[in-house]
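What follows is a short report on a single structure.
The values are calculated or read from the model by the stated rules, or taken from the named source; none is laboratory data. Here the structure is a predicted model, which is why all the values come from computation and not from measurement. Using ideal geometry, Cβ is built from the backbone for each residue, glycine included, and neighbour counts are taken over all protein chains shown.
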């Protein structure tokens, strides 16, 4: 630390003759004003509003997709179950405030000047920006704290699929937090403050920034395009489709076996970092590209159809077309809710962009969702020529935090299995 | 490449009985419609408009700062001067179209289905999003193509400053392109398409994604905060300050010595990747943080003052306060135009976020701007405890492209020195 004590220049407070009380008041007033600024939304701007943190399900799954993502996987470093639970409670309190557009703690810079600020500050003055924070528990967590008996059967370890080239430093994790927001600074701020609160109890294992559509620059409700230039997500489950969410996304008490009642109202998340060989793709012909997807590139219509939302006629596509192979019809009805974001993480040292899709899929049971789907795709998808899975993780996403007294992980850590 | 010839499923075109002519027409129509969508702006959305590409100066310097950045440095791999000039002309034509919100080429998917598309497609349907593309020439370029005699004296090689810990893979470059836009996908699309066009002639050496304020989520014209939580850029040169721009930013014919008349109307760019040790910073007391900057964290007022835009009284600050040391008064008037973006690039393998500031500074002469400033800061700045410069590059930014017949680099490659 830089030491300034005894330096020749007086501090601002000494100059102003502020005592500790005056300082605390000044800081609280500044923090309060900032908190107001973060919640004083422009009613015309949907991008700026707050998403309700409490509910039967965690926000960030069926919530309309925000523009930006910061996803972090953590390793739990404490071996004390009580300390772990205390951290989760502190995280919940911070998440409750941040998603409402408020700084962590009682005010951004409350407390003493001699202490670190309660909040790191870079989101002050920014709107809530539809921030959602969604927590998940990885398979490795169930090897700790006597939780083995509560591991849901639906939370399977993923096998090595053909073509997988997983980087250990981008794979796995005891915990995850998915931060989605229309403002990347708000999402980054949230993960950073949770990491700060977790210092000494949990450490970031890997993290991923992602971008998607931009509310301010994408007209209407267009289907966004992935970095291969194709519309992606045309037939995804919308957050308003209650029946499909219930059938394919939300875990019911009995789903995961006798030991997973605590997951009722939760879901299961598969995260895959999918690198695209975009330089190779960009040199492929339009015909090849459209054959690979099974849709046309301009309007996104399935092969043989003219409009994006026309029902695909699978047999008109090449047998190895991506849309054909991934369709529920080809997979005994297996359906997932996708929430992917594009990424571009500099270059790979070989003059190529390190870019692709950070794929996030929510499902009621991994064994009936991603697992059969990826078995088929990894074996046969024409797209495999142009992509590579380089990171992977799976998490049990617990149910929502019910009210202000509830906390992330309560059903896991306190209820009977 | 995946080979589909002779596969059992007929292609969409075969099914529809489309011939080549019909296909070309269909593709052109689709491309045309997309081009219209990208330029048909909502007049209420300033975030969606186009920035004029042509002018005396390149856009992206005095242009009001856009929300997102994708910056790329390239190595020139061709040894043929004519081929290099041809690439620059092709880049200019593509940049002219992309900044206007149009796809590269005559239409997104014009041409033959057997050829790769003219445009990679992921920005179709997106608005121009204030995209600017700004090219620069690094010192190493002047060692090629017989250009040694045209290297401006103002384009100095930066010395190794105390504390520098430069990563070669994030340093230098023959060329740079700065893409700024309110939509990251538009910025990423632009760099990616230039890289695609340059294939075999120039290869990406490194690239950096950055984020800043968000028009849609930041109320009014607030000064954005850096990842240390402090307002950053309070006293920066605004794009409307013609006199200060002329004095400190735009190169005049005689500035760089006799060999730099071709730079008249241009500028010089210093790019530094500044990693922040945010975990350490987050554990520093509020007092320490405010002493380091010389401003308070809440409202951003200089030490001893109450409002952000109050003129700083430097002697009230600690002698090593960042604001005090960086102020023109402390540096014989040295003034730069800053255009930095925050970055968060995952983790560093040690459980810490790889986050910080991608610092971009424009100036009339590096010897009178960044060089003296950084000599002072690197020697004495209290902030050095919490930051590290890990990437560095310097570029000569040529003047603007005057009209539709002009091109990037014309004054360098065709005019007398």
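Filter the range A:381-416 for residues that are touching a helix residue (DSSP H, G or I) at 6+ places or on another chain (Cβ under 6 Å) and farther than 22 Å from residue A:92 by Cα and give the result.
Those that are touching a helix residue (DSSP H, G or I) at 6+ places or on another chain (Cβ under 6 Å) and farther than 22 Å from residue A:92 by Cα: A:381, A:382, A:383, A:386, A:391.
Need the failing condition index for residue A:318 against (1) modelled with pLDDT of 95 or more; (2) not in a loop (DSSP other than H, G, I, E, B), just the number.
Tallying (1) modelled with pLDDT of 95 or more; (2) not in a loop (DSSP other than H, G, I, E, B), residue A:318 fails exactly one: (2).
Here are B:367, B:376: which of them is free of Cβ contacts under 8 Å to residues at least 60 places away in the same chain, more than 14 Å from chain A (Cβ to nearest Cβ) and surrounded by fewer than 22 Cβ atoms within 10 Å (Cβ to Cβ)? I'd like the intermediate steps shown before the answer.
On the way: B:367 fails: free of Cβ contacts under 8 Å to residues at least 60 places away in the same chain.
Selected residue: B:376, the only one of B:367, B:376 that is free of Cβ contacts under 8 Å to residues at least 60 places away in the same chain, more than 14 Å from chain A (Cβ to nearest Cβ) and surrounded by fewer than 22 Cβ atoms within 10 Å (Cβ to Cβ).
Inside the range A:105-147, can you point out the residues that are more than 11 Å from chain B (Cβ to nearest Cβ) and either part of a loop (DSSP other than H, G, I, E, B) or modelled with pLDDT under 95 (or both)?
First pass over the range A:105-147, keeping only residues more than 11 Å from chain B (Cβ to nearest Cβ): A:105-106, A:132-147.
A:105, A:106, A:138, A:144, A:145, A:146, A:147, listed by residue number.
Return the only residue of B:85, B:94, B:73 being in a helix (DSSP H, G or I), in contact (Cβ under 8 Å) with a residue 60 or more places away in the chain and within 14 Å of chain A (Cβ to nearest Cβ).
Going through B:85, B:94, B:73 in turn, just one is in a helix (DSSP H, G or I), in contact (Cβ under 8 Å) with a residue 60 or more places away in the chain and within 14 Å of chain A (Cβ to nearest Cβ): B:94.
Tell me, yes or no, whether the range A:247-270 has at least one residue that is at the interface with another protein chain (Cβ under 8 Å from one of its Cβ atoms) and over 17 Å from residue B:119 (Cα atoms). Break it down stepwise before answering.
So in the range A:247-270, the residues at the interface with another protein chain (Cβ under 8 Å from one of its Cβ atoms) come out as none.
Checked against the condition, which is being at the interface with another protein chain (Cβ under 8 Å from one of its Cβ atoms) and over 17 Å from residue B:119 (Cα atoms), the range A:247-270 yields no hits at all.
With respect to residue B:248, is the statement that it is under 21 Å from the mean Cα position of the chain (by Cα), at pLDDT 95 or above and within 26 Å of residue B:154 (Cα to Cα) true? Write out each step before concluding.
Working: under 21 Å from the mean Cα position of the chain (by Cα): yes; at pLDDT 95 or above: yes; within 26 Å of residue B:154 (Cα to Cα): yes.
The answer is yes for residue B:248.
Right, residue A:298: over 22 Å from the mean Cα position of the chain (by Cα) and buried (at least 23 other Cβ atoms within 10 Å of the Cβ) or not? It would help to see each step written out before you state the result.
Working: over 22 Å from the mean Cα position of the chain (by Cα): yes; buried (at least 23 other Cβ atoms within 10 Å of the Cβ): yes.
For residue A:298, the condition - over 22 Å from the mean Cα position of the chain (by Cα) and buried (at least 23 other Cβ atoms within 10 Å of the Cβ) - is met.
So, in the range B:136-153, how many residues would count as being under 22 Å from the mean Cα position of the chain (by Cα), crowded, with 23+ Cβ neighbours inside 10 Å and closer than 23 Å to residue B:248 by Cα? Write out each step before concluding.
Within the range B:136-153, the subset under 22 Å from the mean Cα position of the chain (by Cα) is B:136-142, B:151-152.
From what's left, crowded, with 23+ Cβ neighbours inside 10 Å: B:136-138, B:141, B:152.
Right, trim to closer than 23 Å to residue B:248 by Cα and you get B:136-138, B:152.
Adding up the residues that qualify gives 4.
Failed condition for residue A:229, given (1) out of contact with any strand residue (DSSP E or B) (no Cβ under 9 Å at 6 or more places or on another chain); (2) within 25 Å of residue A:275 (Cβ to Cβ); (3) within 12 Å of chain B (Cβ to nearest Cβ); (4) surrounded by fewer than 21 Cβ atoms within 10 Å (Cβ to Cβ), with all others met?
Only one criterion in (1) out of contact with any strand residue (DSSP E or B) (no Cβ under 9 Å at 6 or more places or on another chain); (2) within 25 Å of residue A:275 (Cβ to Cβ); (3) within 12 Å of chain B (Cβ to nearest Cβ); (4) surrounded by fewer than 21 Cβ atoms within 10 Å (Cβ to Cβ) is unmet by residue A:229, namely (4).
As an exercise: evaluate residue A:298 against (1) at the interface with chain B (Cβ under 8 Å from one of its Cβ atoms); (2) touching a residue at least 12 places away in the same chain (Cβ under 8 Å); (3) in contact with a helix residue (DSSP H, G or I) (Cβ under 6 Å, 6 or more places away or on another chain) and give the number of the one condition it does not meet.
(2)
Out of the range A:160-185, which residues are surrounded by 24 or more Cβ atoms within 10 Å (Cβ to Cβ) and within 7 Å of chain B (Cβ to nearest Cβ)?
A:182, A:183, A:184, A:185 - these are the residues of the range A:160-185 that are surrounded by 24 or more Cβ atoms within 10 Å (Cβ to Cβ) and within 7 Å of chain B (Cβ to nearest Cβ).
If residue A:193 meets every condition in (1) part of a helix (DSSP H, G or I); (2) within 18 Å of the chain's Cα centre (by Cα); (3) farther than 22 Å from residue B:350 by Cα apart from one, which number is that one?
(3)
Residues that are under 14 Å from residue B:270 (Cβ atoms) and modelled with pLDDT of 95 or more: find the strands (runs of 3 or more DSSP E) completely inside the range B:331-407 holding 2 or more of those.
Details: elements: B:341-347, B:353-363, B:387-397.
In the range B:331-407, the matching strands (runs of 3 or more DSSP E) lie at B:353-363, B:387-397.
Starting from residues that are over 17 Å from the mean Cα position of the chain (by Cα) and farther than 20 Å from residue B:254 by Cα, keep the ones in the range B:406-417 and report whichever is surrounded by the most Cβ atoms within 10 Å (Cβ to Cβ).
B:407
Is at least one residue of the range A:385-405 surrounded by fewer than 19 Cβ atoms within 10 Å (Cβ to Cβ), out of contact with any strand residue (DSSP E or B) (no Cβ under 7 Å at 6 or more places or on another chain) and within 24 Å of residue A:64 (Cβ to Cβ)?
In the first step, residues of the range A:385-405 are kept if they are surrounded by fewer than 19 Cβ atoms within 10 Å (Cβ to Cβ); the result is A:385, A:388, A:390, A:402-405.
Subsequent filtering for residues that are out of contact with any strand residue (DSSP E or B) (no Cβ under 7 Å at 6 or more places or on another chain) retains A:385, A:402-405.
Now drop any that are not within 24 Å of residue A:64 (Cβ to Cβ), which leaves A:402-403.
Looking for residues that are surrounded by fewer than 19 Cβ atoms within 10 Å (Cβ to Cβ), out of contact with any strand residue (DSSP E or B) (no Cβ under 7 Å at 6 or more places or on another chain) and within 24 Å of residue A:64 (Cβ to Cβ), one finds at least one in the range A:385-405, hence yes.
Restricting attention to the range A:86-106, report how many residues are at positive phi and surrounded by fewer than 23 Cβ atoms within 10 Å (Cβ to Cβ). Steps first, answer last, please.
Taking the range A:86-106 as the starting set, the residues that turn out to be at positive phi are A:101, A:105.
Right, trim to surrounded by fewer than 23 Cβ atoms within 10 Å (Cβ to Cβ) and you get A:105.
The qualifying residues number 1.
In the range B:326-364, which residues are without any contact (Cβ under 8 Å) to a residue 40 or more places away in the chain and at positive phi?
The answer is B:333, B:346, B:349, B:351.
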